[in-house]
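See below for the structure under consideration.
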């Protein structure tokens, strides 16, 4: 029985089991649902044992605070102890379901509608973790082996939708048990049902709040206007100066070390059927694309670092006029970072920029709320990415293209702490309505994901 | 009996009468005090009759809305029907008294403390109107005449502290009765008790609110940041671009027609004992002076036009971070204008500037809430100013210097509607705490004001 036959034969059992798991409302953000998150972990642990993992453990988190939600760890060693070790990362917790009255069905009573399975967690992320168990069994059945060709370690988090507050701590605590040669991430999307693709990186992030202080009180603009510095003017100049005329960020050293797009990557991005007009419609009806000179929209979102003003305030913001020189001005800014950039260097460059460009008479203060999120990236010609691409192409029967994520996530911690390359293998779609009412997944895509997962371990065994 | 003797002889009666008037709480901003404002007008009308004005009338205002507070008009014709006609402008309403617990005495039970008279309206503006009646009687007594050498028209408003909502309407309605060759304004201040000075102009004002609209909703800065225009960036650039590197306003034609300071005026300004460090302390502890290149602080405040950002807001302004491309940005701006500038032209230049400098993909909207306030100005070598200067110098026995007001007021309406030059004759001080608790006036200065007023009419009769 080959992989595809095995999957077809076992599909209905697969979906029946997935529905059981989906019925557990494992909302990590809702304190009332703690026990459900725990039940979800236990359900998954049981299922992984049934799948054949010899080691399955529930890992408590938040030992310091004592308030974490459990992750599930499972390990299935390869026969050959020298074979590569690979982690599969995903999460078993789900988003809240409000507003509940916008759901057509009960979010925790998953139902099939044609080829779609509807319910919370179908795409993000239970469905995408689940295809690995079917894929692994299909690979073993087709090869006649009793153990996978690489050591597989499942690490399924229970707090991802709450910002993974204890995940880095867990990774550090369990670093030896998590030792690996690659991390497979199954928590993202493909370009489209007909355009299979793999993500190769996510942008990093660092945030800051800039405050400028002028006079100790708002001043009458008739008596003082034009003769003392106005913090709002200073703020406008500071913020306007963050970009040059080509919309490049002006912070000193900002682009130092940035991993530039290769010609091949740009060509592959250009193969994606991207409709800018349609995209602008999804961008809140934005009226025009815009950004760093010399790059396309997809390149700007995925592979270029940015500086964005997220908020700005100061002076009189209520109705009517108030002719004042305001006492202070504030702005929240954030930077998306790409491979080769370090949040810390950007924070230092911003702090220096503000200090150098604050006019006499104004006191500046830059508050950096946290260390930021590091970017993560795997080159398209790296062994893990190429192996996964071959597995995906075998499953989908067509060329697999590359995308990236413009957003930021805890995935960078996996790469940094475990010191292993990331490989994104996922079959979710942007239209899956994750985090929204009526979340769904395309069932044929989950089966394709299982098929790709079945091929993946041989490909990785031969590459890493 | 000369002027000075007459004033000394009648001083105690003068202050006794003034205290009666001050005891009437004519707060125009408090609807409960309407009747008190009316009583104040009636008290003043009676007093002007007693002073000798043959014509005294109470003028109702707000005929259209029926909700105005009364002004007092009085006229005392010169013997010679060809003599110049001069209006004295002031107001008999006062500011509210809150916070009441910060007053050391009852604001409407005026008391003497040494040489100071303490109470609401002592300086702003009842005391300063009142010195005219004593001055006029002193002048007549000293000359032995029964009528003044110019036709004097008193016009004492009852809504100045409420923004003079019906004043322009009144001026237009009564234009014929108010026909005049000059308007004497007694509602400002001198540089100091030892540094008598005259104001020669006030800045104009025009305000605007700029709104920039981008996407219809806030966008995720990971998914869209760097690829669609951010309204806050656009706003920062717009606002930063309002000034050039010399802090001059960049609006097209902004300085066209501006009446430049003469060398003489600059020299006279420079004679004022101005302590910049002390001034910065009063400017809310501002840490440095700042402004248009090539001008001193006093020149910047008094004689140069400005652009000021009064408020600015958009995006996430609450606690914590929110990595968005915000849907819109707003700013309130205002411009102080000097002689030769027209609020309307500045409004048009701003609207054009915003339209020309809004990037593609952003929609801009400039809201101008009203026509603005025109600047007013009398050259230091104009006949009315020179005449009043001579009168002041005779009273004070020393050189009278010149100042201007950085703020804006309804005085420009007097000049524009009545088509007459303004002459500022006042003896208030900046430290009189007008609009604040414990308002006071220096009684010797009120008597000096009366003396200057006594000399003023002859000087004007010979000059206009």
Which FRET efficiency value, to the nearest 0.05, do you get for residue B:293 and residue B:393 by plugging their Cβ-Cβ distance into 1/(1 + (r/R0)^6) with R0 = 25 Å?
0.10
Under a point spin-label approximation (7 Å from Cα along Cα-to-Cβ), what is the residue B:462-residue B:281 distance to one decimal in nm?
4.3 nm
Can you pull the one-decimal nm distance between simple spin-label points at residue B:113 and residue B:30, each 7 Å off the Cα toward Cβ?
2.0 nm
Convex hull of the stretch A:247-295 built on C-alpha atoms - directionally averaged projected area, nm²
4.7 nm²
If you count, for every residue in A:154-167, the Cβ atoms of partner chains within 10 Å of its Cβ, what is the mean?
0
Give me the extension gain from residue B:344 to residue B:250: residue separation times 0.36 nm, minus the current Cα-Cα distance, reported in nm with one decimal.
32.2 nm
Using the alpha carbon gyration tensor of the stretch A:366-464, what are the three equivalent-ellipsoid semi-axes (square root of 5 times each eigenvalue), largest first, in whole Å?
27, 21, 11
For chain B, take the convex hull of the Cα atoms, compute a quarter of its surface area, and give me that in nm², please.
24.9 nm²
Along Cα→Cβ at 7 Å, what distances in nm separate the residue A:11 label point from those on the other copies, shortest first?
10.8
at residue B:371 the sorted inter-copy label distances (label 7 Å from Cα on Cβ side), in nanometres, are 6.4
Place a point 7 Å from the Cα of residue A:270 along the Cα-to-Cβ direction; which residues of the stretch A:374-395 have their backbone N under 14 Å from it?
none
Using 7 Å Cα-to-Cβ label points, what is the residue A:147/residue A:63 separation (nm, one decimal)?
2.8 nm
Report, to the nearest 10°, how far helix B:3-22 tilts away from the longest principal axis of the Cα atoms in chain B, using its own Cα long axis and a range of 0 to 90°.
60 degrees
Within 10 Å of each Cβ in B:73-82, the average number of Cβ atoms from other chains
0
Nearest 10 degrees, 0 to 90: helix B:231-240 Cα axis against chain B principal axis
50 degrees
Percentage, to the nearest whole number, of Cα pairs in the protein assembly as shown over 57 Å apart:
35 percent
Can you tell me the 0 to 90 degree angle between the C-alpha axis of helix B:443-463 and the longest principal axis of chain B, rounded to 10?
80 degrees
With contacts defined as alpha carbon pairs under 8 Å and 6 or more residues apart, what's the relative contact order of chain B in percent?
25 percent
Ordered shortest first, which distances in nm separate the 7 Å Cα→C-beta label point of residue B:109 from those of the other copies?
7.8
How crowded by other chains is B:323-330, given as the mean number of beta carbons from other chains within 10 Å of each beta carbon?
5
Taking neighbour Cβ counts within 10 Å as the exposure measure, how do A:143, A:123, A:463, A:286 sort from fewest upward?
A:143, A:463, A:286, A:123
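Here, each number is a calculation from the coordinates, and none is a lab measurement. Keep in mind that this is a model prediction, so the values were computed, not measured. Positions of Cβ are backbone-derived with ideal geometry, glycine not excepted, and every protein chain shown enters the neighbour counts.
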